[in-house]
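In what follows, a structure is listed as C-alpha cells, so that the remarks can point back to it.
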Amino acid sequence: MVQVVVRDNNIDQALKALKKKMQREGVFREMKMRRHYEKPSEKRAREKAESIRRARKLARKRFLRDDF
C-alpha cells in the first residue's frame, strides 16, 4: 500500500510524492500493460527483450566504470 503524508496542507507536494512512488513501483506501467490483452507468446517475447536490454545496459555501465 502506498502512503503519502500531507504536510502543511501542501497538496501539490503530496501529489508529486505520490506520483514518484507509483512510478517507482511500476503502477503506471502495469496500468498501460493491462489496457489490452497480451498473448502469452507476446509476453514471453517482450520479457525476453527487456531482459536482454537490461543485461546490455548493465554490461555497458560496468564497461564504462571499469574502463576509467
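Values for this structure:
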{"read-out": "In degrees, nearest ten, helix 40-67 long axis to first principal axis of the chain (Cα)", "value": "90 degrees"}
{"read-out": "Accessible area of the chain divided out per residue, in Å², using a probe of 1.4 angstrom", "value": "104 Å²"}
{"read-out": "Computed magnitude of the charge dipole of the chain (debye, nearest 20; Cβ of K, R +1, Cβ of D, E -1)", "value": "340 debye"}
{"read-out": "Efficiency of FRET from Cβ geometry, residue 41 and residue 1, R₀ 35 Å, rounded to 0.05", "value": "0.55"}
{"read-out": "Long pairs among 21/48; 16/61; 19/43, criterion Cα-Cα beyond 28 Å", "value": "16/61"}
{"read-out": "Solvent-accessible area, 1.4 Å probe, carbon plus sulfur percent, for the chain", "value": "53 percent"}
{"read-out": "For peptides 43-55, 16-28, sequence by mean Cβ density within 10 Å, most packed first", "value": "16-28, 43-55"}
{"read-out": "Matching label, Cα Rg over 2.2 N^0.38 Å computed from the structure shown, candidates (i) 1.44; (ii) 0.95; (iii) 1.66", "value": "(iii)"}
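The values are calculated or read from the model by the stated rules, or taken from the named source; none is laboratory data. All of these numbers come straight from a predicted model, not from anything done at the bench. With ideal geometry, Cβ positions are generated from the backbone for all residues, glycine too; neighbour counts draw on all protein chains shown. All accessible areas refer to the heavy atoms of the entire protein, side chains included, with ligands and DNA or RNA removed. Shrake-Rupley method; radii C 1.70, N 1.55, O 1.52, S 1.80 Å.
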